[in-house]
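Participant: Structure incoming, see below.
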Amino acid sequence: MPIYEYRCNQCEREFSQLFLNSREIRKVKCKFCGGNDLKRLISSFSVHQTEGSRLAGLDTSKPKGDDFYKDSRNVGLWAKKRMKEMGVDLGPKMDEIVERGRTGKILEDYDK
Ligand SMILES: [Zn+2]
């Protein structure tokens, strides 16, 4: 299942789309304005990449400063939103992970 990233030439926003089959790729439309004037970007979320290179790509591709990530609530929100944009639904498990990240419980677990 490929995940492609697009930039919309109409509203200039970027989004990721998970495709289940090749027919859907031709029907893709902008998630924000519904436009079909899209440019495909090199995906930083390719399924073939290692986790390390995915994280590296993530840091450089997002205009968020260090301050953003110092607030763990932002990290949780961002991850959740990103998963949703990618069409990945982890259900309650994701909520639990995000909640633990937000409350700092993940760090406590690592200390043990
Ligand atoms: Zn658009």
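Only the coordinates and a few stated rules stand behind these numbers; no lab work does. Predicted model, so just to flag it, every value in this text is computed and none were measured. For neighbour counting, all protein chains shown are included, and Cβ atoms are generated from backbone atoms with ideal geometry for every residue, glycine included.
Participant: Given the peptides 24-34, 3-13, arrange them by the average over their residues of other C-beta atoms within 10 Å, most packed first.
Facilitator: The densest-packed peptide leads the list: 3-13, 24-34.
Participant: What nm value, rounded to one decimal, do you get for the distance between Met83 and Arg40 when each label is placed 7 Å out toward the C-beta?
Facilitator: Going from the Met83 label point to the Arg40 one covers 2.7 nm.
Participant: What order do you get for Leu38, Leu18 when you list them from fewest to most C-beta neighbours inside 10 Å? Walk me through the numbers before you get to the answer.
Facilitator: Working: Leu38 18, Leu18 15.
Ordered from fewest to most neighbouring Cβ atoms within 10 Å, Leu38, Leu18 come out as Leu18, Leu38.
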